[in-house]
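Undergrad: First the structure, which I've put down as structure tokens, then a few questions once you've had a look.
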Amino acid sequence: MNMAKLEMIVGTFMIIGILCLGYISIKLGKMELIGGDYYSLSAGFDSVSGLKPGARIEVAGVEVGKVERIALDPKSGDRALVSLKIKSNVKITDDVIAAVRTSGIIGDKFIMLKPGGSDHFLKNSDKIRETESAIDIEELVSKFIHGKVE
């Protein structure tokens, strides 16, 4: 009987250990099991060159969400449609400007939101109207080298 009791205790500790390891892995990996506490917005851009799903979204240098998905806009066919996940405790005004920016000179791309002065806020599934596309450094250098700078 002693051996069965010992095996039961060891088994219980193993199960607790595995559950704790899974919880820590999810928290450190910053994954959400059931969607998390976010709402969705979308924004159309002429170019999102270098932007990837999972990129951060910032307001005043503070991370407020992540890029969920990037695809061609089915309505226009020539613009990128970016799906954004914004933390539910962050309110975004309806006159916000979404801009694709680079951290540092050759760093990762992210979306910077510049809030406006409106009293109306965007809700789940709304679309950001004002956007600024990514600056293509290679294109600018090419124009400069070939003397086509305006």
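Just so you know, all these numbers are worked out from the coordinates, no wet-lab data involved. Just so it is clear, the model here is predicted, and its values are computed rather than measured. Heads up, the Cβs are rebuilt from the backbone with ideal geometry, glycines too, and the neighbour counts pull from every protein chain shown.
Undergrad: What order, most packed first, do the peptides 55-65, 15-25, 100-110 have when packing is the mean number of other Cβ atoms within 10 Å of each residue?
TA: 55-65, 100-110, 15-25
Undergrad: Now a separate question. For D37 and M8, FRET efficiency with R0 = 41 Å and r from the beta-carbon atoms, rounded to 0.05?
TA: 0.60
Undergrad: Given the pairs K5/K27; K87/K114; K85/K143; K85/K109; K27/K75; K66/K143, which are separated by over 26 angstrom at their Cα positions?
TA: K5/K27; K85/K143; K27/K75; K66/K143
Undergrad: Across segment 38-54, in residue order, what do the Karplus-derived ³J(HN,Hα) couplings come to in whole Hz, using 6.51 cos²θ - 1.76 cosθ + 1.60 with θ = phi - 60° and x for Gly and Pro?
TA: 10, 10, 9, 10, 9, 8, x, 10, 6, 8, 10, 3, x, 7, 10, x, x
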